[in-house]
Amino acid sequence: MENGKCQEDTPKELYEVPPLIKNISSVQVAGFDSIEECNEEIDPPNNPSTLRIQGNVSSSGVQSDAEFQLDNHRRKNNVSLSMPPSPVGVQLSPKTVFSTGERIPNNGTSGLAALEKPQKATLFHSQPIPMGSTFEDATRNIKAAPHPSISRLKDRRYDSFKTCSGKLARQLTILRGKSQQQIRPDETEAQEAVIENNLPAERYFAALEGPELETLRPSEEILLPDDKTWPFLLRFPISSFGMCLGVSSQAIMWKALASSASTKFLHLSLKINFVLWIISIALVITVASTYLLKVLLYFEAVRREYYHPIRVNFFFAPWIALLFLAIGVPPSVASKLHPALWYVLMTPFLCLELKIYGQWMSGGQRRLSKVANPTNHLSIVGNFVGALWGASMGLKEGPIFFFAIGMAHYLVLFVTLYQRLPTNATLPKELHPVFFLFIAAPSVASMALANIQGSFDNASRMIYFIAMFLYFSLVVRVNFFRGFQFSLAWWAYTFPMTGAAIATIRYSTEVTNIVTQVLAVLLSVIATVIVGSLFVTTIIHAFVYHDLFPNDIAIAISDRKPKPPHKNWFQNLRNGNSESQNIENFLKFSDPDSKDLEACVGPKTSEGEDGNVPSSSDQPQ
């Protein structure tokens with residue numbers, strides 16, 4: 001076919017034309033296979049049933065000129081296709097071929113069978129294209145088993161502890177293209193969950209129990225799921241900086257062993273100090289970076305740790321670790337640091353002490369007699385470490401200032417802990433290593449005073465002897481420190497024992513004899529073995545057993561007190577209506593001149609009687 005004329009060479013046999021081509025009208029679609037009027041008829045004798053492709057398809061013969069002109073001037077109908085709104089719809093819809101006026105199923109049937117049964121004319125109207133992403137709408141209905149870690153990240157119950165939560169989260173959701181109707185109900189409930197930012201101290205004492213206030217009471221509930229493992233940052237506590245204290249103090253000890261005159265016989269190199277100092281820097285950067293991510297992503301969890309009566313003491317640990325790095329810097333790196341660095345690092349200590357020590361004096365639920373714990377030594381020992389470093393740099397007034405503050409509060413804390421005023425409760429076995437914090441403050445204080453005075457005088461020696469007595473009084477109690485599982489509290493062994501070894505090295509320099517030298521080496525070996533063992537054990541529990549950081553229950557307590565259980569009439573009848581008995585005893589034996597009205601009702605005795613109620617033998621006859 002060329003230039004609208006009939007072909008001269010006609011094939012002898014015409015193959016069967018596909019159904020789609022058979023139903024295309026050349027005069028209805030402009031410019032498609034237009035054939036001019038042709039007088040020749042193609043009707044091979046061998047195939048009489050072959051159809052002609054000419055104008056409109058007709059089974060009766062050739063069209064007349066009038067019909068051809070009428071069809072040629074017929075209105076061209078537009079083809080309208082209804083596209084599915086998503087790619088998934090293409091797979092679900094039947095495969096059809098649309099043409100003007102007919103709907104022909106594409107099921108592989110022959111063209112003659114399709115033409116014998118004419119289909120009804122069907123009108124197709126264009127559908128509006130839905131707004132938004134069709135891929136998201138299509139994949140939203142696909143149910144697939146998500147990965148457990150992805151499900152934990154999408155759990156909306158953790159949103160109350162995130163930095164971006166509440167109204168800001170709803171605004172970000174709307175900016176991403178979601179309307180208020182598209183937000184799921186669980187997302188709305190999680191975003192509208194408002195928790196109290198600053199929990200009072202009495203709430204921690206009411207919801208938690210134990211000397212460290214880390215065990216949830218049976219009647220309390222937590223805000224986070226207790227049957228799942230929380231995100232890592234929520235389980236990463238501020239007490240992790242204890243590892244930094246242990247390793248960085250080792251760098252100071254090996255620097256003292258290599259440079260002290262009393263230990264020259266060991267012929268130690270300062271390269272050990274350099275290697276330990278590099279490891280300490282890497283560890284401090286790792287722990288600090290991880291906790292900084294927690295501050296940025298879960299600020300509410302950090303806030304709750306800060307308002308925890310016991311956990312707040314660990315906020316001194318990062319700054320103490322930086323002081324250890326400054327004291328243990330190798331001579332090959334820097335022989336002397338600038339004094340301005342001392343003022344920069346001691347400023348956080350002053351700010352924290354103004355708040356913590358002020359709460360100890362002002363009373364209330366955060367008074368020292370209420371919150372006293374061996375971990376309070378962390379808030380004390382920073383003063384002595386700062387005074388030690390400042391005096392070695394040649395400063396005078398600043399080190400004396402911090403030494404005086406630390407000594408005053410250490411004496412008060414020492415007496416308070418000895419008397420067991422807070423709860424009269426015994427520390428559990430898992431927290432027995434915390435007792436070694438008693439050694440840290442006097443050990444560092446003896447060296448700080450020696451640097452301030454210029455020599456290891458009698459006052460420094462008295463403080464040093466106190467540290468040694470506490471050290472040996474704990475070491476001889478072997479059964480006191482075994483039989484419990486590993487935890488981060490074990491790092492409380494390392495820093496105080498290393499401090500005692502450094503103080504002994506300093507004392508052996510002033511009093512050099514075989515006893516002091518052997519004692520210095522012995523304490524150094526013990527501290528090194530313990531730090532190395534704990535370091536390896538910590539790595540195994542963190543990366544092999546994955547149990548180093550359990551769920552931190554202390555930060556997930558609810559800000560609402562639990563409702564008391566409702567007693568029915570049968571329980572009240574069985575208990576004898578104890579409230580009415582207490583009121584009767586109060587009215588019967590109360591003293592109108594006494595101001596302590598609560599003391600009028602005494603405790604219950606073993607016989608179930610009130611302790612303040614006089615017996616029959618005490619009644620006047």
So how strong a dipole does the stretch 317-474 carry about its Cα centre when Lys and Arg Cβ are +1 and Asp and Glu Cβ are -1, to the nearest 20 debye? 300 debye
Taking 0.36 nm per intervening residue step and subtracting the Cα-Cα distance, what contour gain separates Thr347 from Ser558 on full extension? 72.6 nm
Under a plain spin-label model, where a point goes 7 Å from the Cα along Cα-to-Cβ, how far apart in nm are Ser219 and Phe543? 4.7 nm
Quick check for the stretch 282-420: number of Lys pairs with alpha-carbon distance under 26 Å, counting only pairs 8 or more apart or on different chains? 4
Gain on full stretching of the segment that runs from Phe265 to Leu292 - 0.36 nm per residue minus C-alpha separation: 5.3 nm
Quick one: which of 511-522, 270-281, 304-315 comes out on top by average Cβ neighbours within 10 Å, and what's the full order, highest first? 304-315, 270-281, 511-522
Excluding ligands, DNA and RNA, what is the solvent-accessible area per residue of the stretch 428-561 at a probe of 1.4 Å, expressed in Å²? 45 Å²
Residue by residue through the stretch 253-270, what is 3J(HN,Hα) from phi via Karplus (6.51 cos²θ - 1.76 cosθ + 1.60, θ = phi - 60°)? Round to whole Hz and write x for glycine and proline. 5, 6, 5, 5, 5, 7, 10, 7, 6, 6, 10, 5, 5, 7, 6, 8, 9, 6
Tell me, what is the percent relative contact order of the stretch 255-350, built from C-alpha pairs under 8 Å that lie six or more residues apart? 29 percent
Reciprocal of mean inverse Cα separation for the stretch 445-558 (Kirkwood radius, Å): 16.4 Å
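The values are calculated or read from the model by the stated rules, or taken from the named source; none is laboratory data. On a predicted model such as this, the values are computed, not experimentally measured, just so you know. When we count neighbours, we look across all protein chains shown, and the Cβ atoms used for this are built from the backbone with ideal geometry, even at glycine. Side chains included, ligands, DNA and RNA excluded: accessible areas come from the protein's heavy atoms. Shrake-Rupley method; radii C 1.70, N 1.55, O 1.52, S 1.80 Å.
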